[in-house]
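All of the numbers you see were taken from the coordinates with simple rules; none came from a lab. Since this is a predicted model, take the numbers as computed values, not measurements. Cβ coordinates were reconstructed from backbone atoms using ideal geometry, including for glycine residues, and neighbour counts include every protein chain displayed.
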Amino acid sequence: MEAKQYELNDVVEMKKQHPCGTNAWKIIRLGADIRIKCEGCGHSVMIARREFEKKMKKVLNKSGEA
């Protein structure tokens, strides 16, 4: 299984939906912990990188794309 490729400002889809109804999240900080911001309501969450990689489904928009 290959590692998932993601960068700062990418929009990713998570496995579980946020209570506001969307599962699209923007990566706003990278490090040992990753901060993601909900594209629906603007709520931000910081989670460990290992947990993030387990819960991330796929990259929806790369940071360079519109």
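Calculated on the Cα set of the chain, radius of gyration then Dmax: 10.9, 33 Å. Between H43 and N9, the simple spin-label model (points 7 angstrom out along Cα→Cβ) gives 2.6 nm. Backbone N atoms of segment 13-33 closer than 19 Å to the 7 Å Cα→Cβ label point of K54 belong to residues 13-18, 31-33.
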